[in-house]
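Everything on this sheet refers to the single structure shown next.
The values are calculated or read from the model by the stated rules, or taken from the named source; none is laboratory data. This one's a predicted model, so the numbers in the text were calculated from it and none came from an experiment. Glycine gets a Cβ as well: all are built from the backbone with ideal geometry, and neighbour counts include every protein chain shown.
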């Protein structure tokens, strides 16, 4: 049995999510729902769940990130369930298995549980790294193989809007997904991989697809509005080179 904990402060949402899990999966044991940091920490310590679904914003200004920061080690898989895109990069820091936007559908849940099973049955990471490296040697690219925790996702280059880096991982924002794809590569790795594909580094944290720029906004450093209506900051270290590219 897979022991699953739900951390959610809105009771109707917690009940709906619990009922969906129980209806779809007979091999899941649901632990009592927690709605705050203290109870969640106690449940994790006492029950050792295999998988935890975290709402991000809890009561009294607390967040699920507070729970994770209190743990000396994380011995379970975690999936964030939230109404906001803005926490995606923070989720990367904790190696989240998935990042779901509310309202969660049966399809969203099924894909997330499948990711859990796939990771448990995943092959050796060294094999993945070798395959990843060999796929791009001397091959003209119209798509790339991106290494996730579940395997390789083959993604057309023109569907990548921008990438946001955080340490050894990167969130890749796509035209056909509502949540970013979290990959096990640095932003510099992505910059090298997408070289020649119409991508440009505008900030230490952002690598953008030039074909997805809707507007350049003048300012001290400048900003770009991307096709998903996300506004990104242009760093002064990259600004001059970026403006030269735009002129061309």
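What the table shows:
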{"quantity": "Options 111, 118; residue that is free of Cβ contacts under 8 Å to residues at least 60 places away in the same chain, under 15 Å from the mean Cα position of the chain (by Cα), assigned to a helix (DSSP H, G or I) and surrounded by fewer than 17 Cβ atoms within 10 Å (Cβ to Cβ)", "calculated": "111"}
{"quantity": "Every residue from region 149-166 that is modelled with pLDDT of 85 or more and either out of contact with any helix residue (DSSP H, G or I) (no Cβ under 9 Å at 6 or more places or on another chain) or more than 12 Å from residue 205 (Cβ to Cβ) (or both)", "calculated": "155, 156, 157, 158, 159, 160, 161"}
{"quantity": "Pairs where the first residue, in region 222-241, is touching a residue at least 40 places away in the same chain (Cβ under 8 Å) and the second is in a strand (DSSP E or B), C-beta under 6 Å, 6+ apart", "calculated": "226/161; 226/162; 227/161; 227/214; 228/161; 232/206; 232/224"}
{"quantity": "Of residues in region 62-74 being more than 18 Å from the chain's Cα centre (by Cα) and buried (at least 16 other Cβ atoms within 10 Å of the Cβ), the one nearest to residue 181 (Cα to Cα)", "calculated": "67"}
{"quantity": "Residue in region 75-93 that is at pLDDT 85 or above, exposed (fewer than 12 other Cβ atoms within 10 Å of the Cβ) and over 22 Å from residue 228 (Cβ atoms) present", "calculated": "yes"}
{"quantity": "Test result for residue 144, within 19 Å of the chain's Cα centre (by Cα) and not in a loop (DSSP other than H, G, I, E, B)", "calculated": "yes"}
{"quantity": "Enumeration of residues in region 166-188 that are out of contact with any strand residue (DSSP E or B) (no Cβ under 7 Å at 6 or more places or on another chain) and crowded, with 17+ Cβ neighbours inside 10 Å", "calculated": "166"}
{"quantity": "So residue 99, is it part of a strand (DSSP E or B), touching a residue at least 40 places away in the same chain (Cβ under 8 Å) and outside the structural domain of residue 172 (by TED's automatic domain parsing)", "calculated": "yes"}
{"quantity": "Single unsatisfied condition, residue 59 versus (1) surrounded by 12 or more Cβ atoms within 10 Å (Cβ to Cβ); (2) in contact (Cβ under 8 Å) with a residue 40 or more places away in the chain; (3) closer than 18 Å to residue 10 by Cα", "calculated": "(1)"}
